[in-house]
Structure formats: structure tokens, C-alpha cells
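Let me begin by presenting the structure, written as C-alpha cells, before commenting on it.
The values are calculated or read from the model by the stated rules, or taken from the named source; none is laboratory data. Note that this is a predicted model, so its numbers are computed, not measured. Ideal geometry is used to build each Cβ from the backbone, glycine not excepted, and the neighbour counts take in all protein chains shown. For the accessible areas, the whole protein counts, side chains as well, though only heavy atoms, and no ligand, DNA or RNA atoms are used. Shrake-Rupley method; radii C 1.70, N 1.55, O 1.52, S 1.80 Å.
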Amino acid sequence: MGKTHWRIGVAGLGTVGAGLIKLVTARPRFSPTGDLCTVTGVSARSRSAPRPVDISGLPWFDDPVALAASPDNDIFVELIGGAEGPAKAAVEAALRLGKPVVTANKALIAAHGRDLAILAEAHGAPLLFEAAVMGGTPAVKMLREAMVGDSIHAVAGILNGTCNYILTQMEATGRGFAEVLGEAQAMGYAEADPTTDVGGYDAGHKISILAALAFGGAPTLSAAEIEGVDSIELLDIRLAKDLGYRIKLIASATNVAGAVSVRVHPALIPLDHPLARVDGVLNALFIHGAAVGRIFIQGAGAGAGPTAAAVAADIADVMTAAVRPVFQRAALDLEPIAPVSPDAATGRVYVRLLVKDEPGVIASISETLAEAGVSIDSFLQKSVEGAGGVPIVLTTHLAPEATIAKAVGAMAALPTLIASPRVIRIAHI
Ligand code: HSE
């Protein structure tokens, strides 16, 4: 007869930790085995902080490492967050003891995934992190388990709810970036330091994890090109819409001739594309498999209930003894993701220029692009009051990114230009 009662230690009692305690209290037999799960230890920065759950009856640990090592729990759940410090120390302590670890910590897995996987596999301990990407919407298990029979071309989508909320609200209400960010923080979606969200790093952590699972490598943060939404202006949102696009923060990992391009950046999405209709704090992901074609998933990417449900699914995996390598293959065989050479990458871009209103300006812009060998797809000149010049926006056809960069450099040097060109990629998803 196997084990029928599983005891969990929960470190970190923020939104997700409190959500998990609520879930386990309400449904202690959530596992498909019907076995009992109870919380037998908790740890957090402050014992007395106001929380939506009562923890007074639960054994308290000041030190999460001590909780991880305690013989009074069978599974250690890490919901502290952060790539270093107590979260890492506690996860390592549990794994060294061969204790299963469930975590929602994307920064930790993105930065130290391979080393932790080696530790986990050496000690025969599961290390599970479904909640680290897209909160309650299952993306990790989908790539790690359900799609291993396919060969993935690309994964791409919206992985940060805070940025998506900001962009949605800016377009809907005409309000500026800073004002809307304050609102997103108040909703409890933003990270402790919101630059993690708006700088694109949170999405960078998540796409590095998905890239590892999709392409059988180790999470390789250094291979990711990351740009956030902090430089997006209302003017770009409006002009993009006039051209038939919506601006979204897109995270993608794409197989380009055997190497993998991992990127996070704002991108123009055609208004009739499903990603253009993903509003507010929702997350969404396209997975392109060679055999299955395109799969689209959309759902809650954060929040107490959804993320706690993903953590509980991982706990249930431990309870049902579903044993797999931490990533796609044994950790010792995982190679870093090889980034794509800049010469191999191609793309389309939106370029916004602010020019003097005088004869010959448009001719000089199109000559510059023609000389570089970049073809224009659409062109719009639009007077905007108070812009200090005439905004011109153009979109290009597909061209090597290095060629586009050269053309933008040449445009930037035109004497009729008032401000540096603003370039935003156009997504091809
Ligand atoms: N800060 C994240 C977001 C929360 O806005 O999507 C979940 O990772």
C-alpha cells in the first residue's frame, strides 16, 4: 500500500501562497488518487502580515531553508520568488534531500533551471514548475508532456498580463503609460518591482523556459533579446491602429535553421489576428508543431486562484508518482539554447519618423529605403497637432534584419529628420 497522506510545506504566502492554502483547505483530496494533502508548515517574510487565509494553526518557520529540510513535510512548495537568495537556497536544500519541489518561480527556473534539474535528477526528486508560465493556463505540461511526439517550429504569444493590461488600457482610454501602470499595480498582477514586467524581463523568463521545453535545451536567459513596453507612446498605438494593427508585447522562441531565436519585444499584430484580441491581463500562446500545426491557448496568466490551481496540479503529479526528467531530456544532456546569428534573421517593421514639413522629404525617405534594398508595404503621413513636425509611418515588406537596421540608420541621418526613428517589429505568428 502506497502513501495516502501527503504533507506540504509552503514557503511564500503572497497571492499564490494564500491561494494554495485556501485550495488545499477547501479540497484536501484534489489529487486524482483521492489521497489526502495537508499543509504542515509555512514560511514567509512576515508572520503577521494581513492575509486572506488564517495561518495561526499552521507550524511556522522563520527560515524557508529549515522548512525545506523539515521531516514534517513530504513536498516543498516554493512561492517566494526571485532567482537568488532564500528561494534558491530552499529549493536546493529540499532537492539535496531528495524531496519533491513544486515552484511558481519563473526567474529561478529561467536562471538556474539546468543546475537545479541536475540536482533534482541526481537525487531522484521531481522539480515541477507549471505555475511559472501563464499562471493557471497549462503551457509547461503541454510542451513537456503532451507535445513530445511532435517537432516544434515556434512558440509565441502574450506572457505578461501587466504589459497587456497597460497596452489595452492605453488604447481604450487614451491615457498615458505611467497612469495605467499604477492601476495595473493596484490590481495585484505586477511584480514587486514593476520594471520586471514593463522592461520585458518577466516575459523573458517565461519564454526562456518555454524555449527550453519546446526545443530540448536548457533555459538560456543570455540568449534572449529583451525589449519592454516602457517606450511605447500613445501616438504609436494610434498610428498602428490606423494601419490595421494593434501593439502587443510578444514573447517568441523560433527555430531558425537549427538555432533558436528567443525574443521579447513590442510588435504590431494585424487587428484580425487572435493575439490582437487578447485583452487586459489575459495571456495567450501559439504553439506551431510540425505535425499538429497551430495550437492556440488563452487564459489567466496570474492571480491567486488560477496560479494555485497550477501549483496543485504539480503537487498531484508528485502524489500520483508521475516521474519525468525536469526538462525535455536528462539534465546532464541539456545544451544551452544556441542563439540565431543576426545575419540569419528576417522580419518586417513599422517605422515612425518625425520630419520637417517641406518638399522632397518623402522622396528622400523612399530613396534611402530603395538604396538599402528594403521594400515599403504601406506609407502614411499624418498631421498630429503638437507633434513638432509631421509624423510619417511606414511598414516594410520582409527583409533581412541587418538590411533593415542599415536602412533605418540611413534614414536617421537624413537632415529633414527631427527625432530618431521609432522602430517596432511586425509580428509573423
Ligand atoms: N507579473 C506577471 C504578469 C504575473 O503581469 O503577468 C505572473 O507571472
Kindly indicate the residue of segment 94-111 that is crowded, with 20+ Cβ neighbours inside 10 Å and part of a helix (DSSP H, G or I) and also nearest to the ligand (Cβ to nearest atom) among those meeting that condition. 106
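With respect to residue 306, determine if the residue is within 16 Å of the ligand (Cβ to nearest atom), under 17 Å from residue 140 (Cβ atoms) and in contact with a strand residue (DSSP E or B) (Cβ under 9 Å, 6 or more places away or on another chain). Spell out the reasoning first.
Values: within 16 Å of the ligand (Cβ to nearest atom): yes; under 17 Å from residue 140 (Cβ atoms): yes; in contact with a strand residue (DSSP E or B) (Cβ under 9 Å, 6 or more places away or on another chain): yes.
Yes; evaluated as a whole, the condition is true for this residue.
Identify all residues within segment 219-260 that are assigned to a strand (DSSP E or B) and among the charged types (D, E, K, R); write none if there are none.
Looking only at segment 219-260, we keep the residues that are assigned to a strand (DSSP E or B), and these are 224-226, 245-256, 259-260.
Of everything in segment 219-260, those that are assigned to a strand (DSSP E or B) and among the charged types (D, E, K, R) turn out to be 225, 246, 248.
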Long-range neighbours under 9 Å by Cβ, at least six apart or interchain, first residue of a type in the set (Lys, Arg) within segment 183-209, second within 10 Å of the ligand (Cβ to nearest atom): 206/106; 206/132; 206/133; 206/134; 206/159; 206/160; 206/283; 206/301
Would you confirm whether any residue within segment 129-147 is assigned to a strand (DSSP E or B), over 24 Å from residue 77 (Cβ atoms) and in the same structural domain as residue 276 (by TED's automatic domain parsing)? no
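Where residues in segment 354-412 are outside any loop (DSSP other than H, G, I, E, B) and charged (D, E, K, R), which of them is surrounded by the fewest Cβ atoms within 10 Å (Cβ to Cβ)? Outline the logic, then answer.
Start the filter on segment 354-412 by keeping residues that are outside any loop (DSSP other than H, G, I, E, B), which leaves 354-355, 361-372, 376-381, 390-396, 399-412.
Pick out the ones that are also charged (D, E, K, R) and you get 367, 371, 377, 401, 406.
Values: 367: 13, 371: 11, 377: 14, 401: 17, 406: 17.
Within segment 354-412, the match that is surrounded by the fewest Cβ atoms within 10 Å (Cβ to Cβ) is 371.
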Looking at (1) more than 27 Å from residue 270 (Cβ to Cβ); (2) open to solvent by less than 30 Å² (accessible area, probe 1.4 Å); (3) not β-branched (Val, Ile, Thr), can you tell me which one residue 157 breaks? (1)
For segment 74-87: of the residues being farther than 22 Å from residue 337 by Cα and charged (D, E, K, R), which is surrounded by the fewest Cβ atoms within 10 Å (Cβ to Cβ)? 74
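Would it be correct to say that residue 74 is in contact with a helix residue (DSSP H, G or I) (Cβ under 9 Å, 6 or more places away or on another chain) and of a type in the set (Asp, Glu)? Before the answer, list the steps.
Values: in contact with a helix residue (DSSP H, G or I) (Cβ under 9 Å, 6 or more places away or on another chain): yes; of a type in the set (Asp, Glu): yes.
Yes; evaluated as a whole, the condition is true for this residue.
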Hey, among the residues in segment 215-248 that are in contact with a His (Cβ under 9 Å, 6 or more places away or on another chain) and over 29 Å from residue 352 (Cα atoms), which one's surrounded by the fewest Cβ atoms within 10 Å (Cβ to Cβ)? 221
Restricting attention to segment 283-317, and to residues there that are surrounded by fewer than 21 Cβ atoms within 10 Å (Cβ to Cβ) and in contact with an Asp or Glu (Cβ under 7 Å, 6 or more places away or on another chain), which single residue is nearest to residue 18 (Cα to Cα)? 313
Residue match in segment 131-145 (condition: within 19 Å of residue 202 (Cβ to Cβ), buried (at least 24 other Cβ atoms within 10 Å of the Cβ) and more than 16 Å from the ligand (Cβ to nearest atom)): yes
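How about segment 200-214: which of its residues are small (Gly, Ala, Ser) and open to solvent by 10 Å² or more (accessible area, probe 1.4 Å)? Quick ask: steps written out before the conclusion?
Keep residues of segment 200-214 that are small (Gly, Ala, Ser), which gives 200, 203-204, 208, 211-212, 214.
Within segment 200-214, 214 is the sole residue that qualifies.
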Can you tell me which residue in segment 157-207 is nearest to the ligand (Cβ to nearest atom), limited to those that are modelled with pLDDT of 95 or more and in a loop (DSSP other than H, G, I, E, B)? 160
Taking segment 220-256, which residues are closer than 16 Å to residue 199 by Cα, among the small types (Gly, Ala, Ser) and at pLDDT 90 or above? 222, 224, 228, 251, 252
Would you point out which residue out of 151, 70 is within 25 Å of residue 288 (Cα to Cα) and more than 21 Å from the chain's Cα centre (by Cα)? 151
